[in-house]
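The values are calculated or read from the model by the stated rules, or taken from the named source; none is laboratory data. Predicted model only: the values in this text are computed from it and were never measured. FYI the Cβ positions are ideal-geometry reconstructions off the backbone, even for glycines, and counts take in every protein chain you see. Just so you know, the surface numbers come from the protein's heavy atoms only, side chains and all, with ligands and any DNA or RNA stripped out. Shrake-Rupley method; radii C 1.70, N 1.55, O 1.52, S 1.80 Å.
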Amino acid sequence: RLNTINKNRPAFLHVSFSTQKNKSRGLGVITVDFDETLSHYADWAKLSIQELRKINNIRRNAFITVHDKIKVPFRKVTSYQFEEHRQEYHKGIQEDFFNSYRITKLLVRKVKKGETLWEICNEIYFIPFWLMSSYNPDKDINSLAAGEPILVPLITSVKTKDT
């Protein structure tokens, strides 16, 4: 049961259109999710990275971060096609993870003062950000408060048999 909680969750927030006018012009807004880059968006929308940077006023050396809002024009693909590519990408990450690891236990833990999500995921529990996020869908995991309870999925490596 622990390993199936995550398998069918949407891997991202869907494309939104702020107005009907934007929808008819094919200009959508996406929320950046874990492990996504402008290069991914350009590929999925069949655009250049430069075009995405220009539309979003993103300097050449600037980065995008999780939860940023990015405008994407849908002239060469539909938003549905874009989301199909996006879903395939995230499902691949999840499948690779679940081929190597399984969730053995869920732990409720309070965030300590000064602790960051990066430390919790990378130095304490060694779990990916997307996994922590999916077990805490009601939380803004980028701004956890001290004392706030979070659900932590504990993982173990799947042992493979040598053939």
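Structure summary
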read-out	value
Length-normalised contact order for segment 46-157 - Cα pairs under 8 Å, 6+ apart - percent	29 percent
Spatially near lysine pairs across segment 55-142, Cα under 26 Å, sequence gap of 8 or more or different chains	12
Part-to-part distance (alpha-carbon centres) for segment 23-87 and segment 94-121, which is given in Å	28 Å
Loop sites in segment 63-163: chymotrypsin sites (Phe, Trp or Tyr not before Pro), DSSP, at most 15 other Cβ within 10 Å	Phe63, Phe126
Qualifying trypsin sites (Lys or Arg not before Pro) for segment 64-125 [loop in DSSP, other Cβ within 10 Å: at most 15]	Arg75, Lys76, Lys112, Lys113
Quotient of Cα Rg and 2.2 N^0.38 Å for segment 85-163, N being how many residues it contains	1.22
Of all accessible heavy-atom area on segment 45-96, the percent that carbon and sulfur account for (1.4 Å)	51 percent
Heavy-atom accessible area per residue - segment 86-161, 1.4 Å, Å²	59 Å²
